[in-house]
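Values quoted throughout were computed directly from the atomic coordinates according to the rules given, and no laboratory measurement underlies them. Just so it is clear, the model here is predicted, and its values are computed rather than measured. For neighbour counting, all protein chains shown are included, and Cβ atoms are generated from backbone atoms with ideal geometry for every residue, glycine included.
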Amino acid sequence: MNFSDLLLQEIEAADIITIYRHVHPDCDAVGSQFGLFNWLKENWPEKQVYALGREKCTQGHWPETDEVSDETIRNSLAIVLDTANTARIDDERAMSASKVIKIDHHPNREPFGDVQMVFDSSAATCEILTELLTGTRYPVSSVTARYFYAGILTDTLCFRTSNTTAHTLKMAAVLAEHEFSIPELNRELFDRTISEFEFASYLRSAVRFTEHRNMGYVILSQDELNRFHLKGSEARNYIDEIGHISELEVWCVFTERISVKGIYDGSLRSKHVSVNDIAEHFNGGGHKNASGVKDLTEIDLKDIIQQLKSKAESTD
Ligand SMILES: [Mn+2]
């Protein structure tokens, strides 16, 4: 039996279906969730279908989630989307459901659920769902297609990541055949407010480049963050603003704690050299080319900048 038939069989057997996503949801998490939710509601109006999750996705416009009782969840088929491990499910009750299906594209390091549809060569969970749902005889509407397209578009950083394949583009093309405006969706997802634009301009103007000009960094004080009404984490999310400079090997953004003067957190990025080994010495860690650090004193800050600078220069 193929995965589309298997999914259909499970859906048809369930009267109640609850759908989950991960904490700190991105557009692939909510896009896959509301796309599947909408497809189920349109094709099985008699079933009770619920989309769950407390945290909101800050990019794009998404429907509100549902409130359901513990008993409803226990009697439901749970479908967990875009979530690699149970600790990251945004509703710890998911695993109490009578049956659990995991659908995801992250490496399956923590298998969970009764049925798993994990394809780690897919660029997005929305890419997997497009394949699964269009493989059934039930129609995918333009509303569903728009949700899935948003997930694929954002998880691939607009089809730029290395995991963007011919299959990714084929699924996006299948979705794009539906009636929805791609330019409007792009504006919804990527347009900025004037204050966001002003902060991005400020961040760019505040970059300091090292002598070898292959590392750039920004240190933002409490005063600067307060001026733009931003939390440190929100400001550090703008790191991509300085991530497209051809000479740079390493780039970082450090932000002073709003609550504690003289203590800094930081985001580190690199093209080739590893930064996670350095991050581990500064209360942090992460991936080879993308890491975070926290609780740095001003002395630590000087120290880490020196270490990152030497790392960047080793590629000269
Ligand atoms: Mn994803």
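Membrane-span-like helices in the chain (whole DSSP H runs, Cα extent of at least 27 Å along the helix axis, mean Kyte-Doolittle hydropathy of at least -0.5): none found. Of all lysines in the structure, those lying under 25 Å Cα to Cα from K170, and not within fewer than 8 positions of it along the same chain, are K102. Working from Cα pairs under 8 Å separated by at least six residues, relative contact order for the chain is 12 percent.
Most mobile of A51, A150, A235 per a Gaussian network model of the chain (Cα springs, under 10 Å)? Of the options given, A235 has the highest mean-square fluctuation. Here the Karplus curve 6.51 cos²θ - 1.76 cosθ + 1.60, taken at θ = phi - 60°, turns the phi angles of region 261-277 into couplings of 5, x, 10, 10, 10, x, 10, 10, 9, 8, 8, 10, 5, 7, 10, 5, 5 Hz, with x standing for Gly and Pro.
Dipole size of the chain about its Cα centre, with +1 on Lys/Arg Cβ and -1 on Asp/Glu Cβ: approximately 540 debye, rounded to the nearest 20. As a rough footprinting exposure proxy, the listed residues T144, T193, T125 were ranked by other beta carbons within 10 Å of their own, and the order from fewest upward is T193, T144, T125.
Here is the tail figure for region 194-313: Cα pairs spaced more than 17 Å apart come to 51 percent of all pairs. Counting every C-alpha pair in the chain, the share spaced more than 34 angstrom apart comes to 33%. In terms of packing, defined here as the mean over residues of other Cβ atoms within 10 angstrom, the peptides 73-82, 3-12 line up highest first as 73-82, 3-12.
Within the listed set V218, V118, V49, the Gaussian network model of the chain (springs between alpha-carbon atoms below 10 Å) gives the highest mean-square fluctuation for V218.
In this Cβ point-charge picture (+1 for Lys and Arg, -1 for Asp and Glu), region 154-212 has a dipole of about 280 debye about its Cα centre. Close lysine pairs were tallied over region 194-313: pairs 8 or more places apart or on different chains with Cα atoms under 21 Å apart number 13. Judged by the mean number of other Cβ atoms found within 10 Å, the most tightly packed of the peptides 53-61, 179-187 leads the ranking 53-61, 179-187.
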